[in-house]
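The values are calculated or read from the model by the stated rules, or taken from the named source; none is laboratory data. Keep in mind that what you see is a predicted model, and the values were worked out from it rather than measured. Here Cβ is always computed from backbone atoms with ideal geometry, including for glycine, and neighbour counts include all displayed protein chains.
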Amino acid sequence: MIERLDFASIERLREALPRFAHLPLAHLHHLNPDQRRAYWLDEISQSLADESSMAFGSIVAGSLGGFVIYNDSPWDSKIIGRRMGTLTQLAVAIDDAAGSEILCELLDELTRSLVKRGTQCMVCKVRPSELSAIHALEQRGFLLMDTLLELVFDFSCNALENIDRSRRDKRLRIRWAKPTDLAELMAINQRAFGDYFGRYHADPRMPSGAATRIYTEWLRSAFEGWADLIRVAEVNGKIAGYGLWRKPLKIEAKHSLHVARYDLGAVSAGFSGRRVWTPLILDGMDIARKFAQYALGPVHVGNYPVQRSLLKVGWKIAAARHSFHKWLKA
């Protein structure tokens, strides 16, 4: 039986979570099951508290056997010009064929409701180990767009002072971004991500130019307060690249997850191969270690240069996630 879930269902969800196969915060290996479930429940609570949320649960023999939670994505919708949303939660208690069947039924119910609402595209991100979820998504018309590796640097196990920085270009200077830098950085972003291979570019149904706009508007949002650290690299006074970092989110701080995120960066094509990228990374790490135990960085599975740069200075591949898109017919 499929039931509509809302914020009043939170106690039922709290009781059910220990039975579920989903592993929250898979990239932070040191956490125990209680820490993961406490964070997961808070994450679910935030999703259900959003007025755009739509959630359904599958009741099997009186118990919650699976659930899905959807939220609108206003920022993506504004940039792309389509009503976009995210499956923020997709979980099942049994990770097998029966689990896939439960999730398929939940996805069918959710899809019918979203079509009536006018949603045009759903996004879902899942771990490669969540086979029931992957099979259900594919059976219900979701298409794989990309895979991101989640790299982690543990400041407690790696001393930044031991990293060799002798090859750094003496003409390179890294400073805080200024508002007047935005136009030039936007131009760098336009060139760097104009022919990228992330999920927005991989989706053939994205409106023309929308994929690149996502990255340029991402940068603009950083200057408007979304990012906590914006560092700019200069060579002989000319801007060569930038890097964006964020401090722990409120929910992470609440659960004592001392993490910093390296979210986005780019190097101007004119400075490719000039040893700008790694110093930018190390510069951000030098700042982040003052408030974080871990640095996190999502990297596209096919972005080998960035992977090599991070691995060389001590980052580790800790987890991965697939991104799926499904376009709905109104």
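From the residues in the range 275-294 that are assigned to a loop (DSSP other than H, G, I, E, B) and within 20 Å of D164 (Cβ to Cβ), which one is modelled with the highest pLDDT? By that ranking, first place goes to R289.
The requirement of being without any contact (Cβ under 8 Å) to a residue 60 or more places away in the chain and within 21 Å of the chain's Cα centre (by Cα) is satisfied by G194. Restricted to the range 1-114, the set of strands (runs of 3 or more DSSP E) holding at least 3 residues that are more than 30 Å from T216 (Cβ to Cβ) and free of Cβ contacts under 8 Å to residues at least 60 places away in the same chain comprises 54-60, 63-72. Are any of the residues in the range 279-294 of a type in the set (S, T, Y), on the phi < 0 side of the Ramachandran plot, touching a residue at least 24 places away in the same chain (Cβ under 8 Å) and in contact with a helix residue (DSSP H, G or I) (Cβ under 6 Å, 6 or more places away or on another chain)? No: the range 279-294 contains no residue that is of a type in the set (S, T, Y), on the phi < 0 side of the Ramachandran plot, touching a residue at least 24 places away in the same chain (Cβ under 8 Å) and in contact with a helix residue (DSSP H, G or I) (Cβ under 6 Å, 6 or more places away or on another chain). Pairs are defined by a Cβ separation below 7 Å, a sequence spacing of at least 6 or placement on different chains, a first member in the range 140-151 that is at pLDDT 95 or above, and a second member that is polar (S, T, N, Q) and assigned to a strand (DSSP E or B); the pairs so defined are M145/S323; D146/S323.
With at pLDDT 95 or above, within 26 Å of R191 (Cβ to Cβ) and in contact with a Gly (Cβ under 8 Å, 6 or more places away or on another chain) as the only criterion, which of G297, G243 stands out?
Residue meeting the stated conditions: G243.
Number of residues in the range 314-327 that are crowded, with 17+ Cβ neighbours inside 10 Å and either assigned to a helix (DSSP H, G or I) or in contact with a Phe, Trp or Tyr (Cβ under 8 Å, 6 or more places away or on another chain) (or both) equals 5.
Look through the range 197-207, keep the residues that are touching a helix residue (DSSP H, G or I) at 6+ places or on another chain (Cβ under 7 Å) and surrounded by 14 or more Cβ atoms within 10 Å (Cβ to Cβ), and return whichever of them is farthest from D146 (Cα to Cα). Filtering first and then ranking leaves M206. Residues in the range 300-321 that are farther than 15 Å from G284 by Cβ, at pLDDT below 95 and small (G, A, S): G302 only. Residue count for the range 162-182 under the criterion of being modelled with pLDDT of 85 or more, touching a strand residue (DSSP E or B) at 6+ places or on another chain (Cβ under 8 Å) and surrounded by 11 or more Cβ atoms within 10 Å (Cβ to Cβ): the result is 7.
To keep it simple, each residue is scored yes or no on (1) touching a His at 6+ places or on another chain (Cβ under 8 Å); (2) surrounded by fewer than 18 Cβ atoms within 10 Å (Cβ to Cβ).
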position: Y39; (1), (2): yes, no
position: L48; (1), (2): no, no
position: I59; (1), (2): no, yes
position: G66; (1), (2): no, no
position: I69; (1), (2): no, no
position: W75; (1), (2): no, yes
position: K78; (1), (2): no, yes
position: S100; (1), (2): yes, no
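Listed here are the residues, each with its yes/no results for (1) over 23 Å from F197 (Cβ atoms); (2) of a type in the set (S, T, N, Q); (3) surrounded by fewer than 16 Cβ atoms within 10 Å (Cβ to Cβ).
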residue: V232; (1), (2), (3): yes, no, no
residue: A253; (1), (2), (3): yes, no, yes
residue: L257; (1), (2), (3): yes, no, no
residue: R289; (1), (2), (3): yes, no, no
residue: G302; (1), (2), (3): no, no, yes
residue: V306; (1), (2), (3): no, no, no
residue: L311; (1), (2), (3): no, no, yes
